[in-house]
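The values are calculated or read from the model by the stated rules, or taken from the named source; none is laboratory data. Note that the structure is a prediction, hence the values are computed from the model and not measured. All Cβ positions, glycine included, derive from the backbone under ideal geometry; neighbour counts span all protein chains shown. The area values use the complete protein model at the heavy-atom level, side chains included, leaving out ligands, DNA and RNA. Shrake-Rupley method; radii C 1.70, N 1.55, O 1.52, S 1.80 Å.
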Amino acid sequence: MILRLSTVSVPLFVWLVVVWILLWGSAAPGTVVAGVVVSLGVLVLFPLPAVHFPVLRPVRLVRLIGYVVVDLVSSALRTAVEVIRYGPRVRAAVVAVPTLSDLDHVIAAAAGAISLTPDTFVIQIDRAGGILYVYSLGVRTREQADRAHDQALALQVRVVRAIGTADEADRVAERADRLRRGRPVSPEKSPEAPPEEES
C-alpha cells in the first residue's frame, strides 16, 4: 500500500477531489473529506499507467472553472425552460463529438466537465475511435445538434489548454475549428455499429 500511495499523481488527485466537490455542489468539510477518501481509493485500487503530467496552468485552470460555473447556471436555465415549455414532450439527442486529446486523463477530465451540466452527459467514450457520445437535452433541430457539438468542442479546448501537454495546447484551437459544424458530427456511426472493413 505504501508503494502504491507513493505513485499517486498529485495533479490527478486534486482534480478528482475538485470534481467530487462540484458534483455534490458543496465544499462542506464532510464532502471534502469524502472526496479525498474516494479519490485516494480510486487511484490506489485502480492505478493508471505511468503518465507524465504537465504542470498545471493556473490562469487557464481558473478560466476553465469559471467557464464551467457559468455553463452550469446557463444550462440549468435552459433545462428549466425546456421542461416548462414542453413538459413530457422534451426531446434529446446523442451527439458524437471527436476528442481533441490522446491523453486519458485529459479525455476523462473533458468528459467529466461536459457531464457536470444538467442538459448534457457523456454516455460513452469510444477511446479507439476518438469519439465522445454526448446525450444532449432539448435538441430538436440540426442547428441545435450542431450547437451542442460545438459547445462540447469548446469545452474540450479549455480543458486541453488547462491540463494538456504544451504541444496539444498550442494546436487544439486550430483542430477544433476544423471540426466545427457544417460537417458531419463525427464519423457516421453509432456506439453499436461494427467498424467498416477496409477494402
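On the given criteria, is LEU132 in contact (Cβ under 8 Å) with a residue 24 or more places away in the chain and assigned to a strand (DSSP E or B)?
yes
Given the residues LEU77, LEU45, which is the only one that is farther than 18 Å from VAL14 by Cα, out of contact with any Lys or Arg (no Cβ under 8 Å at 6 or more places or on another chain) and either surrounded by fewer than 16 Cβ atoms within 10 Å (Cβ to Cβ) or among the β-branched types (Val, Ile, Thr) (or both)?
The match here is LEU77.
Test ARG57 against the stated conditions and say whether it is on the phi < 0 side of the Ramachandran plot and at pLDDT 85 or above.
no
Would you check if SER101 is modelled with pLDDT of 90 or more, among the polar types (S, T, N, Q) and surrounded by 14 or more Cβ atoms within 10 Å (Cβ to Cβ)?
No.
Report yes if GLY138 is at pLDDT below 90, buried (at least 18 other Cβ atoms within 10 Å of the Cβ) and at positive phi, otherwise no.
yes
Could you check the range 161-175 and list, in sequence order, the residues that are under 30 Å from VAL10 (Cβ atoms) and in a helix (DSSP H, G or I)?
Answer for the range 161-175, where residues must be under 30 Å from VAL10 (Cβ atoms) and in a helix (DSSP H, G or I): ARG161, ALA162, ILE163, ALA166, ASP167, GLU168, ALA169, ASP170, ARG171, VAL172, ALA173, ARG175.
Going through ARG158, ARG147, ARG78 one at a time, which residue ends up being basic (Lys, Arg) and either within 13 Å of the chain's Cα centre (by Cα) or part of a loop (DSSP other than H, G, I, E, B) (or both)?
Values: ARG147 fails: either within 13 Å of the chain's Cα centre (by Cα) or part of a loop (DSSP other than H, G, I, E, B) (or both); ARG78 fails: either within 13 Å of the chain's Cα centre (by Cα) or part of a loop (DSSP other than H, G, I, E, B) (or both).
Just a single option satisfies the conditions, and that option is ARG158.
Residue-by-condition table, conditions (1) charged (D, E, K, R); (2) open to solvent by less than 60 Å² (accessible area, probe 1.4 Å):
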site	(1), (2)
VAL83	no, no
VAL134	no, yes
GLU143	yes, no
ALA148	no, yes
